[in-house]
Amino acid sequence: MHTLQQLRSGELAGAVRLQLRGGLTEFPREIFDLADTLEILDLTGNALSSLPDDLPRLHRLRIIFCSENQFSELPAVLGRCPSLTMIGFKANRIASVPASALPPHLRWLILTDNCIEQLPAEIGRCAGMQKLMLSGNRLRALPPELANCSKLELLRISANRLPELPNWLTSMPRLAWLAFAGNPFSEAALPPAPGISWSELQLRHQLGEGASGVIHQATLNGEPVAVKVYKGAMTSDGLPAQEMAACIAAGTHPNLIPVLGMIPDHPGSLPALVMPVVDPDLGNLAGPPSFASCTRDVYADGHRFSTDAVLGIARGIASAAAHLHALGIMHGDLYAHNILHCGKGKAVLGDFGGATRFEPGAPIASALERLEVRAFGYLLEELLERCDEELPLVRALANDCLRPAPAARPAFAEAVARLAAA
């Protein structure tokens with residue numbers, strides 16, 4: 001975090017990244033003193049409602065965050081910034097997205113938790129778009145021109161007002177991570193689960209924190225448990241209630257974390273779940289995507305996996321995904337950073353923040369499965385890149401999972417069978 005005083009004194013001369021937070025109501029003109037070096041500008045958490053017309057003077061600017069401000073329109077000046085590839089305006093009051101606000105090289109657009117009712121058809125001209133996050137708006141339709149964004153890999157459209165999922169969406173060649181829960185056509189009731197009173201729990205230390213909530217270790221009847229308390233009404237992927245519904249509906253599987261119960265009486269009236277404590281020997285398989293990688297996870301430098309580890313992880317996650325789709329659940333965020341593993345092959349898939357429930361026998365069920373199979377193909381590819389030896393059968397499966405035509409990809413049940421033979 002930086003301060004205006006540092007900026008005005010010249011202390012930040014030559015800065016590549018600038019983060020200012022503190023009730024700003026106007027764009028500080030001193031930022032232009034960094035025009036020859038500034039690449040990342042973060043003005044989240046202020047009271048801004050406009051950007052200056054000469055913003056393109058920041059000719060090296062690649063990434064801008066203006067979340068949690070007071071914008072009612074996505075500023076048109078963004079479209080004139082020559083190097084801009086990532087825009088984040090989450091949790092504003094944006095109702096309008098002018099076509100002119102979309103820069104030509106845009107890869108990553110975050111407009112979560114706003115008031116947007118429609119997108120311009122010109123979004124289809126964003127040929128390099130890979131990641132589009134629109135959950136928590138008022139969209140009643142997606143422009144069919146979005147189908148022209150053939151590089152789109154991740155799409156978040158949960159908690160909108162969409163009456164149906166467009167047919168062309170599941171045919172997009174690279175789409176692998178999709179979340180659409182909480183729309184009129186996909187709303188699902190919370191399945192029954194045991195209630196666990198807050199008074200029955202003794203909270204201990206914090207175990208971790210994600211985009212949707214905070215996880216604490218606790219005890220219940222003398223036994224250790226984990227308690228996930230959701231942060232609020234909207235996450236980056238959608239609604240906590242939909243995540244909880246998917247977690248509960250997923251039931252029991254050796255490669256999933258089960259739910260022990262819901263907490264109906266949290267003192268802050270926040271949604272919360274109780275789960276078993278995960279084996280402490282399990283750690284994250286990878287880190288989440290970086291600004292540079294956009295949609296691909298980041299692994300530790302030089303990290304390698306044994307053949308047994310690769311096969312164990314692949315078999316376990318394929319089995320878990322097959323189980324979920326048989327129940328009518330798409331995970332929506334099948335990523336290495338949402339997988340815990342022990343280093344020897346045991347793996348557990350977690351974080352249902354992007355999960356969506358659907359009717360298992362619905363016509364769209366197969367298309368949704370093939371979409372998620374592509375995400376599994378990316379996972380296999382990443383594991384094979386770091387494996388101690390070449391595994392031709394697994395490589396062939398990865399290639400099939402990544403086929404551009406979704407209908408040509410195998411189902412998870414076939415993936416399970418092929419991995420068993422590998």
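Going by how many other Cβ atoms sit within 10 Å of their own, how do Leu201, Leu142 line up, fewest first?
Leu201, Leu142
For a quick check, take a GNM of the chain with Cα springs below 10 Å and name the residue from Ala188, Ala13, Ala320 with the largest mean-square fluctuation.
Ala13
Mind giving me the nanometre distance, one decimal, between the label points for Glu39 and Ala326, set 7 Å out from Cα along Cα→Cβ?
It is 4.8 nm.
Using only the alpha carbons of the stretch 359-422, determine the length spanned along each of the three principal axes and report them from longest to shortest in whole angstroms.
41, 22, 16
Using r as the Cβ-Cβ distance of Gln217 and Thr25, and R0 as 56 Å, what FRET efficiency do you calculate, to the nearest 0.05?
Result of the calculation: an efficiency of 0.85.
Using a Gaussian network model of the chain whose springs link C-alpha atoms within less than 10 Å, name the residue from Leu397, Leu139, Leu203 with the highest mean-square fluctuation.
Comparing Leu397, Leu139, Leu203 in a Gaussian network model of the chain, the most mobile one is Leu203.
What aspartates and glutamates does Lys228 reach when the alpha-carbon gap must be under 17 Å and sequence neighbours fewer than 8 apart in one chain are set aside?
Glu200, Glu209, Asp237, Glu243, Asp265, Asp279, Asp351
Using 7 Å Cα-to-Cβ label points, what is the Asp53/Ser197 separation (nm, one decimal)?
Distance between label points: 6.5 nm.
Just check the stretch 198-276 against the gyration tensor rule for me: Cα atoms, a ≥ b ≥ c as the square roots of the eigenvalues, rounded for a/c under 1.5, and otherwise prolate or oblate depending on whether a/b exceeds b/c.
On the way: a/c = 1.57, a/b = 1.15, b/c = 1.37.
It is oblate, given that a/c is not under 1.5 and a/b is not larger than b/c.
Round to the nearest 0.05 the FRET efficiency obtained for Ala421 and Arg304 when R0 = 25 Å and r is the Cβ-Cβ distance.
In this case the efficiency is close to 0.55.
Of the labelled options (i) 22.2, 65; (ii) 21.1, 68; (iii) 27.8, 93, which one gives Rg and Dmax of the Cα atoms in Å as computed for this structure?
Read-out from the structure maps to (i).
Express the relative contact order of the stretch 283-421 as a whole percentage, based on alpha carbon pairs under 8 Å and six or more residues apart in sequence.
Relative contact order of the stretch 283-421: 27 percent.
Which percentage, to the nearest 5, of the DSSP beta bridges contained in the chain is antiparallel?
Numbers: 29 of 55 bridges.
Around 55 percent of the beta bridges assigned by DSSP in the chain are antiparallel ones.
Over the stretch 198-276, what is the relative contact order in percent, taking alpha-carbon pairs closer than 8 angstrom and at least six residues apart?
Numbers: 136 pairs, mean separation 21.0, N = 79.
Relative contact order here is 27 percent.
Since every read-out is calculated from the coordinates, none of them should be taken as a lab result. Just so you know, these numbers come straight off a predicted model, no measurement behind them. Note that each Cβ is placed from the backbone with ideal geometry, even for glycine, and that neighbours are counted across all protein chains shown.
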